[in-house]
Amino acid sequence: MTAFSLTLVQGQSFISPLTVLRVLWGEPVAGASFIVGELRLPRALVAVLAGGCFGLGGAAFQSLLRNPLASPDIIGISAGASAAAVFAIVMLSLSGTAVSVIAVLAALGVAGLIYALSWRNGVAGARLILVGIGLGAMLQSITAYVLTQAPSWSLQEALRWMTGSLNSVTMSQVVPLGSVFGLLGGILLLLSRNLEVLRMGDDMASGLGVRLSMTRLGIIISAVGLVACATAIAGPVAFVAFLSGPVATRLFHHQGSVLVPAAMIGALLMLVADFIGQFLLPARYPVGVVTGVLGAPFLLYLVIRENQRGASS
């Protein structure tokens, strides 16, 4: 709440909290109504909702596969959305809602392909991660090729989308993103008890009456839908889905499911990273640049830790 309030009062110019409250109450205030109502508020709301989607979806994947590396932005799902969006922008000259819809459909399609390629009498977490990383590398190559064919007028738009940015968000995007977050997030919360049981192993879960295939399918579709819709609006913001679950696990390890804490961490990461990128650095950077700088060292740490754990077992 403090970070959200800070993004509304502080920016290129300071607007007093009382004035912000007047604007939020609907009172017209010269200058402040546009700055707060049209620029800062939509940006803050989309940051919270997109961060919540990334955090919740990423934590669900990591819990389901029992591996902190099993994040949608690591296993190729975000790469699929990026490749499709760049193709739509560069080759089809599309923009706005059309690009968002194509990105969502591509993310869902890539997730289904990864799941199918990983299936061998069930889906093992390590196999799915390796398949996802390989497919993601292939999709990144396709994206790079498409960018080499891009004319100058569409190259900048494609690169902005790939980086992950909140610069062009509007209030019209808040309601659909909030609806997706409420619907798919609610489904994940309903399945959270079964998800916690699944973390104990398939045999234990089956013995306790959990329908393994249906539960996995529901979790995967909901998690991919959350990440895909957030990506469609904010772009593939790096490492928010990846970081939120492990951070929430460390902070709330003994307090039940980490899904809700992960969503809160994701929202906070997006808000803070966007504020840092806009106002605390010598130049203005998109939120994806800041989260990338924060997430890369943590990724290396987790890879090293997993290798050490594998060597000792």
query: Only one residue in 41, 94, 113 is of a type in the set (A, V, I, L, M) and modelled with pLDDT under 85, so which one is that?
result: 94
query: So which of 205, 150, 144 is in contact (Cβ under 8 Å) with a residue 40 or more places away in the chain, among the small types (Gly, Ala, Ser) and out of contact with any strand residue (DSSP E or B) (no Cβ under 6 Å at 6 or more places or on another chain)?
result: 150
message: Given the criteria at pLDDT 80 or above, under 22 Å from residue 225 (Cα atoms), surrounded by 15 or more Cβ atoms within 10 Å (Cβ to Cβ) and in contact with an Asp or Glu (Cβ under 7 Å, 6 or more places away or on another chain), does residue 166 qualify?
response: yes
- request: Filter the range 169-185 down to residues that are part of a helix (DSSP H, G or I) and surrounded by 15 or more Cβ atoms within 10 Å (Cβ to Cβ), then give me how many there are.
  value: 9
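Counting only residues that are in a helix (DSSP H, G or I) and either acidic (Asp, Glu) or surrounded by fewer than 19 Cβ atoms within 10 Å (Cβ to Cβ) (or both), how many does the range 20-41 have?
Matching residues across the range 20-41 total 9.
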- prompt: If you check every pair at least six apart or on different chains, which have Cβ atoms under 7 Å apart with a residue in the range 276-292 that is without any contact (Cβ under 8 Å) to a residue 24 or more places away in the chain first and a residue that is charged (D, E, K, R) second?
  reply: 277/284
Any pair with Cβ under 8 angstrom, 6 or more apart, that starts in the range 296-313 at a residue that is of a type in the set (A, V, I, L, M, F, W, C) and ends at one that is modelled with pLDDT of 65 or more and part of a helix (DSSP H, G or I): 298/242; 298/243; 298/246; 299/242; 302/246
- line: For the range 116-134 the number of residues that are of a type outside the set (A, V, I, L, M, F, W, C) and within 19 Å of the chain's Cα centre (by Cα) is 1
- prompt: Would you say residue 101 is touching a residue at least 24 places away in the same chain (Cβ under 8 Å), in a helix (DSSP H, G or I) and surrounded by fewer than 16 Cβ atoms within 10 Å (Cβ to Cβ)?
  reply: yes
query: Any residue in the range 129-137 that is hydrophobic (A, V, I, L, M, F, W, C), surrounded by fewer than 24 Cβ atoms within 10 Å (Cβ to Cβ), touching a Phe, Trp or Tyr at 6+ places or on another chain (Cβ under 8 Å) and assigned to a helix (DSSP H, G or I)?
result: no
message: Is it the case, given these coordinates, that residue 68 is touching a residue at least 40 places away in the same chain (Cβ under 8 Å) and either surrounded by 17 or more Cβ atoms within 10 Å (Cβ to Cβ) or not basic (Lys, Arg) (or both)?
response: yes
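Can you name the residue in the range 1-19 that is small (Gly, Ala, Ser) and not in a helix (DSSP H, G or I) and is also nearest to residue 39 (Cα to Cα) among such residues?
Per the criteria, the residue is 11.
The values are calculated or read from the model by the stated rules, or taken from the named source; none is laboratory data. Since the structure is predicted, the reported quantities are computational estimates derived from the model, not experimental observations. Methodologically, a virtual Cβ is constructed for each residue, glycine included, from the backbone with ideal geometry; neighbour enumeration extends over all protein chains shown.
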